[in-house]
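To keep things clear, I will list the structure first and then write my remarks on it.
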Amino acid sequence: MLGAVIFDFDGVIADSESLHLRSFNMVLAQYGIEIKPKDYYRDFLGLTDLDCFKLLVSKRLGLAEKQVSELVAQKEKTFARLLRDGGCVIEGVRDFLNILGQNRIPMAVCSGALLAEIELLLEQSGLRDFFEQIVSAEQVKKGKPNPECFLVTLEKLNRNRSNPIVNEQCIVIEDSHWGLEAAQAARMHTIAVTNSYDAEELTMAEKTVSRLDELTIQQLQDLCS
């Protein structure tokens with residue numbers, strides 16, 4: 001039985017990965033560093049901002065780790081400014097959320113993005129009320145592919161529920177292998193959407209779609225049966 005649908009944010013709900021890349025590069029410009037798009041999608045997309053900058057610190061910047069938090073704060077402000085100018089919801093998302101809402105399926109966001117970034121776009125787009133819970137980078141110690149974020153999300157969804165949702169009743173929608181690995185490790189079902197990677201790179205998912213509004217309630221129920 002389908003108990004809940006848990007969404008990644010960037011690349012699943014929000015067409016914001018290009019904005020994240022621009023934000024990183026605007027912050028890194030002070031060090032004369034630029035992340036190329038192919039490198040970003042290969043090495044950085046599935047990571048939190050903190051982990052991205054840590055990786056850059058260890059490999060290229062040669063900065064002390066205490067400076068990483070300052071870079072994260074700079075990137076957050078830059079992203080918020082760019083988001084106000086050009087962030088948008090991916091086509092098909094709103095219709096899919098409406099279908100889930102009409103069927104009273106609990107929904108949550110589980111993302112490596114910062115809470116302020118997620119809340120900003122959801123509020124601006126009128127989607128915030130769809131989601132019972134939002135778990136962001138600040139709320140976990142280990143990012144994807146570690147399953148912690150999904151386990152925390154399920155714990156939050158089950159607060160004040162007389163009939164708790166179990167892991168196998170959850171469907172996770174992701175756009176990267178990092179997220180799919182985390183969901184599988186959390187013993188949840190997986191759907192991949194090809195917004196960031198080709199289907200050939202997402203074969204570990206139980207089902208792959210190009211748009212979320214291709215999915216039906218029956219298909220979701222079948223995954224959990």
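Where a number appears in this text, it was derived from the coordinates with a stated rule and is not lab data. For clarity, every value in this text was computed on a predicted model and none was experimentally measured. As a convention, Cβ positions derive from the backbone with ideal geometry for all residues, glycine included, and neighbour counts pool all protein chains shown.
Taking a ≥ b ≥ c as the square roots of the eigenvalues of the Cα gyration tensor of segment 96-225, is the shape rounded (a/c under 1.5), prolate (a/b larger than b/c) or oblate?
On the way: a/c = 1.17, a/b = 1.09, b/c = 1.07.
Rounded.
I'd like to compare 49-62, 145-158: which one has the highest average count of other Cβ atoms within 10 Å, and what's the full order after that? Mind showing how you got there, number by number?
Details: 49-62: 16.9, 145-158: 19.9.
Peptide ranking by packing, descending: 145-158, 49-62.
So if each residue of separation counts as 0.36 nm, and I subtract the Cα-Cα distance between GLN139 and ASP213, what length gain in nm does that give?
On the way: separation 74, 0.36 × 74 = 26.64 nm, distance 2.95 nm.
Full-extension gain reported as 23.7 nm.
Which of rounded, prolate, oblate describes the chain, given a ≥ b ≥ c as roots of the alpha-carbon gyration tensor eigenvalues and a/c under 1.5 marking rounded, otherwise prolate only if a/b is larger than b/c?
Numbers: a/c = 1.75, a/b = 1.71, b/c = 1.03.
Judged from the Cα gyration tensor, the chain comes out prolate (a/c at least 1.5, a/b above b/c).
Per DSSP H run of at least 4 residues, take -39500 (n - 2.57); add these up for the chain, divide by its residues and hand me the 222 nm value, nearest 500 deg cm²/dmol.
-11500 deg cm²/dmol
Label-point separation (nm) for ASN160 and ARG22, each offset 7 Å from Cα along Cα-to-Cβ?
3.8 nm
Suppose a student asked you for the relative contact order of segment 20-116, using Cα pairs under 8 Å spaced at least 6 residues apart; what percent would you report? Please report the intermediate quantities before stating the final value.
Numbers: 44 pairs, mean separation 32.5, N = 97.
Taking the mean separation of contacting Cα pairs over the length of segment 20-116, I get 33 percent.
Just to be sure I understand the rule: take each whole DSSP H helix in the chain, project its Cα atoms onto its long axis, keep it if the span is 18 Å or more and its mean Kyte-Doolittle hydropathy is at least -1.0. Which ones pass?
Once both thresholds are applied, what remains is 68-86.
Can you tell me, using C-alpha contacts under 8 Å and at least 6 residues apart, the relative contact order of the chain as a whole percent?
Details: 360 pairs, mean separation 58.8, N = 225.
In percent, rounded to a whole number, it is 26.
Please give the FRET efficiency for LYS66 paired with SER125, using the beta carbon to beta carbon distance and R0 = 25 Å, rounded to the nearest 0.05. Show your work: numbers first, answer last.
Details: r = 36 Å, r/R0 = 1.43.
The formula returns an efficiency of 0.10 here.
Under the Karplus relation 6.51 cos²θ - 1.76 cosθ + 1.60, θ = phi - 60°, what is the ordered set of whole-Hz ³J(HN,Hα) values for segment 187-193, x standing for Gly and Pro?
6, 10, 7, 10, 10, 9, 10
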